[in-house]
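Comments concern the structure below.
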Amino acid sequence: MKVLVVGAGGREHAIVRALARSPQAPELLCAPGNPGMARDARVLAGADPADPEGVAAAAAANGVELVVAGPEAPLVAGLADACAAAGVACFGPSAAAARLEGSKAFAKEVMSAAGVPTAAHAVVESVEDGMAAIAGYPAVLKADGLAAGKGVVIAADEGEARAALEAMLVERRFGAHPVVVEEFLDGDELSVLALCDGERALPLAPARDFKRIGDGDTGPNTGGMGAFSPVAEIDDAFVERVRAEVHQPVLDELARRGTPFRGVLYAGLMLTESGPKVLEYNVRFGDPETQAVLPRLRSDLLDLMLRALRPGGLEGAALEWDPRATVTVVLASGGYPASSSAGDVIEGLDRVPAGIEVTHAGTAERDGEIVTAGGRVLNVTALGDDVPAARAAAYAAADVIAFDGRQLRRDIAA
């Protein structure tokens, strides 16, 4: 079976690695891929993720039987719909269902209709309306459209709030979109991803990620600087509660609207004193949570994806997990997240200890050397008997890798 993984980041590399562990021994392709992915899958030339119809046509022409969408942008642009039109199965939601991530205002509207617990909010289109909607500080301001994980500002005071609203609504830094103004939720964050077949959700092991660039959750938000799994205080009963209160109502609501959701539904949660509340939904595997979760999955990921797309779906499916813990540390380039340095030679990859999974994100190959080519460059994931052991192994491995301007947080899973 030929399987095409669309994307070029650490998440997609982790998906390729997980699919390679399938007993079905699929032939793996990637588009556009990266130097790390190219060692584990064949690069499918001419398939541009920004062109859903082109990807679908290339997949059909090359006998691909399953397309797995990594990033959100191709899904929001209609990759699953294009694949369906070309007669190729795609593990990912339709463009209509993908609006759950493509528009934060739409997500809030769906959550309200489905009765999902979330922060109070207002949707605004001017700076003054935004300032008037803020009930107190800190306040959360979210650009409505896709922003690669960087379109959220937690404003500590009026000055920061006005500056953020100016950037989003006047400078249009994230496109011509409204802004969602939310109340600030306090607590611990949790990510619970679920495989969905349009009717039911099968939750994966929970994970916790670290979004800000600096230790102690300081500095601006990023796409994610690290993650770990499992989360000690989260038991199976709590995961079932999240499935019932957070995933299932949204699946039911989208099905009621005639846009059933098939693929991965990621729930980013804040565990507040009054219970879990949804910060955001994503319509694909999380990054870097995927890099921490999939190495623990002993079940056949390919089989689960195929089942989610077939009659009967995931009914009766159960997941088997490695009891060990994982910690993923992200190595970022100089200037990230405001900018990123490219072309810096990466050294030490050949010295990473056996058993450590290094997935490529923002890398390129130049004159036989691996160089930086993006903000988040590499992900270093280690398994250990517990989180502290996995953490120690991940940082030990990360510290043998070097490149100019390298950034990493030192408190992942601490």
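The values are calculated or read from the model by the stated rules, or taken from the named source; none is laboratory data. This structure is a prediction, so every number in the text was calculated from the model and none was measured. Virtual Cβ from ideal backbone geometry, glycine too; neighbours counted across all protein chains shown. When the accessible area is computed, the model is the full protein with side chains, heavy atoms only, and any ligands, DNA or RNA have been set aside. Shrake-Rupley method; radii C 1.70, N 1.55, O 1.52, S 1.80 Å.
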Skipping prolines and chain starts, which residues have an amide H placed within reach, meaning under 5 Å, of the one on Ala194, given they are 5 or more residues away or on another chain?
Leu204, Leu265, Tyr266, Ala267
Where q = 0.16, 0.24 Å⁻¹, what log10 of I(q)/I(0) comes from the Debye formula for region 47-94, counting one point per Cα?
-0.31, -0.72
By average Cβ neighbour count within 10 Å, what is the ranking of 285-293, 121-129 from highest down?
285-293, 121-129
What figure in square angstrom, to the nearest 10, would you give for the accessible area of Asp252 with a 1.4 Å probe?
80 Å²
Using label points projected 7 Å from each Cα along Cα→Cβ, tell me how many nm separate Glu365 and Phe184, to one decimal.
4.8 nm
Pairwise label distance in nanometres, Glu158 with Asp48, each label 7 Å out on the Cα-Cβ vector:
4.8 nm
Apply the Karplus parameterisation 6.51 cos²θ - 1.76 cosθ + 1.60, with θ equal to phi minus 60°, to every residue of region 376-382 and state each ³J(HN,Hα) to the nearest whole Hz, in sequence, with x for glycine and proline.
8, 9, 9, 10, 10, 10, 10
Evaluated at q = 0.23 Å⁻¹: base-10 log I(q)/I(0), Debye formula over Cα of region 124-251
-1.23
Can you give me the C-alpha center-to-center distance between region 6-20 and region 94-143, rounded to a whole angstrom?
30 Å
Towards the positive end of the charge dipole of region 313-414, with charges on Cβ (+1 Lys, Arg; -1 Asp, Glu), say which of Ala325, Ala392, His360 has the farthest Cα.
Ala392
For the chain, Cys with no neighbouring Cys Cβ under 4.7 Å
Cys30, Cys196
With a 1.4 Å probe and all protein chains kept in place, how do Leu271, Leu66 rank by accessible area, largest first?
Leu271, Leu66
Between region 217-265 and region 354-370, how many Å separate their Cα centres?
30 Å
I'd like the projected area of region 42-155, averaged over all directions, using the convex hull of its alpha carbons. Report it in nm² with one decimal.
9.0 nm²
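Using r as the Cβ-Cβ distance of Leu309 and Asp350, and R0 as 30 Å, what FRET efficiency do you calculate, to the nearest 0.05? Intermediate results must be reported in sequence, preceding the final value.
On the way: r = 39 Å, r/R0 = 1.31.
Efficiency, from the Cβ-Cβ distance: 0.15.
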First obtain the Kirkwood hydrodynamic radius of region 1-109 from its Cα pairs, then insert it into the Stokes-Einstein equation at 37 °C and 0.692 mPa s, and state the resulting D in µm² per second as a whole number.
239 µm²/s
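Let me spell out the model: positive unit charges on the Cβ of Lys and Arg, negative unit charges on the Cβ of Asp and Glu, origin at the Cα centre of region 49-150. What dipole size does that give, in debye rounded to 20?
Numbers: 5 positive and 11 negative charges, 56 e Å.
For region 49-150, the charge dipole is close to 260 debye.
Between Arg39 and Ala148, take the C-beta separation as r, use R0 = 22 Å, and let me know the FRET efficiency to the nearest 0.05.
Numbers: r = 25 Å, r/R0 = 1.15.
Given R0 = 22 Å and the Cβ-Cβ separation, E is 0.30.
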Where a label projected 7 Å from the Cα of Met1 along Cα→Cβ would reach, residues of region 22-58 with amide N under 15 Å
22-29
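Compute the Cα gyration tensor for region 301-340, then decide on rounded, prolate or oblate, letting a ≥ b ≥ c be the square roots of its eigenvalues: rounded whenever a/c is under 1.5, prolate when a/b is larger than b/c in the other cases, and oblate in all that remain.
Details: a/c = 5.70, a/b = 2.10, b/c = 2.71.
Here region 301-340 falls in the oblate category.
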Helical contribution to [θ] at 222 nm, DSSP H n ≥ 4, -39,500 (n - 2.57), averaged over the chain, rounded to 500
-7500 deg cm²/dmol
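Kindly state, as a whole number, the per residue volume in cubic angstrom of the convex hull around the alpha carbon atoms of the chain. Write down the numbers at each step before the final one.
Numbers: hull volume 55.9 nm³, N = 414.
With only Cα atoms used, the chain gives 135 Å³ per residue.
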Fully extended, how many nm does the chain gain between Asp129 and Asp399 (0.36 nm per residue separation, minus their Cα-Cα distance)?
92.5 nm
Can you tell me the length gained on complete extension of the stretch Thr272 to Arg298, counting 0.36 nm per residue apart and subtracting the Cα distance?
6.2 nm
In nm, spacing of pseudo-spin labels at Ala113 and Glu199 (7 Å Cα→C-beta vector)
2.1 nm
